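Heads up, the thing below is written out as C-alpha cells.
The values are calculated or read from the model by the stated rules, or taken from the named source; none is laboratory data. Given the structure is predicted, the values throughout are model-derived calculations rather than measurements. Here Cβ is always computed from backbone atoms with ideal geometry, including for glycine, and neighbour counts include all displayed protein chains. These area figures cover heavy atoms from the full protein model, side chains too; ligands, DNA and RNA do not enter into them. Shrake-Rupley method; radii C 1.70, N 1.55, O 1.52, S 1.80 Å.
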Amino acid sequence: LSSSRTFFTTEANRSKTHRRGIVSGITNAIHWNSYNPANAPRRHWSRSMCKATKSMPNSDAPLLRGLTFIELAGVLAGPSVGQFFAELGCEVVKVENPRIGGDVTRNWRLRDAKDTEPSSYFQSCNLGKSSLSIDLRDDDDRKVLLGLIQSADIVSCSYKPGDAEKLGVDFPTLSSLNPKLIYAEITGYGKDDHRPGYDACIQAEAGFTYMNGEPEGPPIKMPVALVDVLAAHHLKEAVLLALLEREKTGRGKHVSVSLLRAAAISTANQAAGWLHAGAIPERIGSSHPAICPYGTVFLDKNDKPFVLAVGTDAQFKSLCDIVDLDVVFEDFVTNPQRVERRNELIAALRKSFARADRDQLLLSFAEKAIPAGAVKDMKEVFEHPEVQKCLIRGKYVSQIGWDEPRRVREEDIMDPPSRVGQDDIRLKKDVS
C-alpha cells in the first residue's frame, strides 16, 4: 500500500486536471456494496485549518490533500487506516465519545508511563488528526456530526453489527445525506455475528494461536496485534479503490472488512495445507513445517540468537561449505530429506553453531547469499538504516510512518495527539 501512487481530484479542480493513479489489487477480504443515488453537488470544507494539510507548494502537496476523513472507529485497526490517510494529506477528524473519555486506548499505558500523556499505543495510530467530542445519543451532537458528514469524503467505523443503525450512522442513512460518501466498515466476525472483535480473540479463532508455540507447550498469542494490522491494510486498499472508482462514477460505496476474514486469509500456506491435504498445522516453535532449516533459532558460543531461512538445496550446500556438520551430506541433499530428518539436522547445526561467533557467521552467510538474521530487540531493530527510513521524527514524538516519510511533512503529521474534543470549537463553527 505504501508504494501506491493514487491521485485524486476534488470537485473544485476536476475540470482543470485529471490525474491517473495505480492502486494495488483487491483482496478477498473486502466486501463491496454499491450505492446508486442520483448525483448531487456537495460543498467541501475549507482546508486552511487542517493541521494535516497545511498550505504548501503544489509540487510538494500530499497525494490526497483536500479530502476529509471522519473516523468513528477506535482501538487499532480503524485508527491505523485514519493515520495512513492523514499522512497522505486528508483532514482526519477523530470522533470520540466524551462520556467514556474518548478512545479506550488513550489509557492503555505502559507500566511506568505518565498519566498525563496519551499512551504510546494511542500515539501509534492517532497522529495528525483533529479530535471532535460527540455523544451520538445526544441529538445536538448527532446533528453536528451529520453536518460534517454532508461534506466529507470517507467515514470509517468499527461498531458491532446493528449498532451503527441504532446510532443513525449506518451507510444508507449517511449516503442519503452524501451520495458520494465512501463508508469503510470493520467488524469482528462479519455482519451475522454480533460479538465484539478483539485481536487476541480473533488470533485464537483464526488459528494463529493454535499454531504458535513450542511442540510440548501451550498455544501462544503473538505479541503484536497482527490481525488489526492486517485488517487495516485490507481496508486501506478497499478505500483507495473506492476513491478511484468514485472518480469514474461520481458515486460513493460501502466497503467492509471483518477481522476474522482478514486473519483467515492471512494464514496463507497453512490454510492451503488444510484445504488441499487435510493437514492441521501443529506447533513446531519457530520452525517451518515444509522447509528445513528455516526459522529455527540457534545460539552461538556467546548465546547470541539468530535464524536461518534455507529455502533451496543450493543454499544448503553453501551452508555446508561454511560449517562443519556431523552428518552425511548425501542424506540431506534435498529439502524433503531435510524435513524428514529434521531433528537430526537441527541437532547437528546447534552443535556446530555453539562453537562459532554469530557476527562472523552472519558475514559468511551473506557472502554466500544464505538467508540469515540476528534475533534483535526493539532498540536494535531501530538502529538499522532501512528501518530508520520509516521513522517520522517531530519535536514531541517519533513515530513509524505508513507512507514514505519523504512525502510526509513532519510538521504536518507530528503534532502531539489531540486531547479529546480539542478541536470542537473550530469544527462545530465550520458546520454552523
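Brief remarks on what is shown
- Protein accessible area in the range 114-266, 1.4 Å probe - carbon and sulfur %: 54 percent
- Probe 1.4 Å, accessible area per residue of the range 263-368, Å²: 55 Å²
- Charge dipole of the range 177-260 (Cα centre as origin; +1 on each Lys and Arg Cβ, -1 on each Asp and Glu Cβ, all else neutral): 620 debye, rounded to the nearest 20.
- The listed residues Ser151, Ser318 rank as Ser318, Ser151 when sorted by accessible area, largest first, using a 1.4 Å probe.
- Volume of the convex hull of the range 122-240 (Cα atoms only), normalised per residue: 135 Å³.
- Exposure of Met222 as accessible area (Å², to 10), given a probe of 1.4 Å and all protein chains: 40 Å²
- Local electrostatic count, Asp170, Cβ distance below 10 Å [Lys/Arg +1, Asp/Glu -1]: -2
- Val381 - accessible surface, heavy atoms, 1.4 Å probe, Å² rounded to 10: 40 Å²
- Gyration tensor (alpha-carbon) shape descriptor, the range 175-305, a/c threshold 1.5: prolate
- Heavy-atom accessible area order for Ile322, Ile154, largest first, 1.4 Å probe: Ile322, Ile154
- Given charges at beta-carbon only (K, R positive; D, E negative), |dipole| of the range 80-182 in Debye: 180 debye
- Net charge of neighbours whose Cβ lies under 10 Å from the Cβ of Gln123, counting Lys and Arg as +1 and Asp and Glu as -1: 0
- Where the range 176-243 is the region considered: accessible area per residue in Å², 1.4 Å probe: 42 Å²
- Rolling a 1.4 Å probe across the protein heavy atoms gives the range 53-172 an accessible surface of 38 Å² per residue.
- Listed pairs Lys166/Lys429; Lys304/Lys389; Lys248/Lys428; Lys166/Lys428; Lys114/Lys304; Lys191/Lys389 exceeding 30 Å between Cα atoms: Lys248/Lys428; Lys114/Lys304; Lys191/Lys389
- Charge dipole (debye, nearest 20) of the range 233-387; +1 at Cβ of Lys and Arg, -1 at Cβ of Asp and Glu: 780 debye
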